[in-house]
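K.L.:
Structure provided below as structure tokens; questions to follow.
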Amino acid sequence: MTYTTTSPINTINAEQLVNPVSATTAQLKRLSVDDQLALLWLAYTELGRSITPAAPGAARLQFAEGLLNQFRRMSWDEQLQAMRDLVNQVNTPISRAYGILSVNTKLAFWYTLAEMMEEGTVIPVPSGYTMSDSVLKVFDALQRLEFGQQITVLRNAVVEMGVDPLA
């Protein structure tokens, strides 16, 4: 015998109930490249107080220093293109250098880029930029997660970026 219900639970994504980390990660990865970059920036600036000790504290940021220095020497257009290339996994020297970093170092790398954006050494989010509804929806889902879950979503977002030359 088969039963059908029309309860409100049918309107909720079942994956969000079972695994909010996977659901939020999947939403993030469906964003456009520029929206993913905007979300990372927003996450680090808005949630940064709690992410700060987790990202750099757990990473060996000295392994990313050369890469960060390369970003400092680039023009803003080159910086933006390099970030887009990382997200798109374009095979470039920058993407290969990023690809060999550990997961925590990748997380700390993006945190450091957000700090550099704040201080003006890396291209900032354009002053007239308005977050898309998709970015705001993913950010809202991210904010509702517990701290450890937030870090996991951010790790999931940055781990596949770049190109692993050893793979």
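K.L.:
Peptides 110-120, 148-158: what's the order by average Cβ count within 10 Å, highest mean first?
P.N.:
For the peptides 110-120, 148-158, the packing ranking is 148-158, 110-120.
K.L.:
Let me ask something else about it. Which of the peptides 26-32, 83-89 is most tightly packed, and how do the rest follow, going by the mean number of other Cβ atoms within 10 Å of each residue?
P.N.:
Going by the mean number of other Cβ atoms within 10 Å, highest first, we get 83-89, 26-32.
K.L.:
Please give me the summed charge of the neighbours of R96: other residues whose Cβ is under 11 Å from its Cβ, Lys and Arg +1, Asp and Glu -1.
P.N.:
Cβ neighbours under 11 Å give a net charge of -2.
K.L.:
Follow-up. Grab the other residues whose beta carbon is less than 10 angstrom from that of V122, score K and R as +1, D and E as -1, and report the net.
P.N.:
-2
K.L.:
Determine the per residue accessible area of the stretch 57-121 with all protein chains present and a 1.4 angstrom probe, expressed in square angstrom.
P.N.:
Heavy-atom SASA per residue in the stretch 57-121 reads 50 Å².
K.L.:
Between beta-carbons, use under 11 Å as the cut-off and find the net charge around E160, counting Lys and Arg +1, Asp and Glu -1.
P.N.:
Neighbourhood net charge equals +2.
K.L.:
Also: Would you mind calculating the gained length between A167 and E118 on full extension (0.36 nm times residue separation, minus the Cα-Cα distance), in nm to one decimal?
P.N.:
Stretched fully, the A167-E118 segment lengthens by 14.2 nm.
The values are calculated or read from the model by the stated rules, or taken from the named source; none is laboratory data. Given the structure is predicted, the values throughout are model-derived calculations rather than measurements. Cβ atoms come from the backbone with ideal geometry, glycine included; neighbour counts cover every protein chain shown. Ligands, DNA and RNA are excluded from the accessible area calculation, which covers all protein heavy atoms including side chains. Shrake-Rupley method; radii C 1.70, N 1.55, O 1.52, S 1.80 Å.
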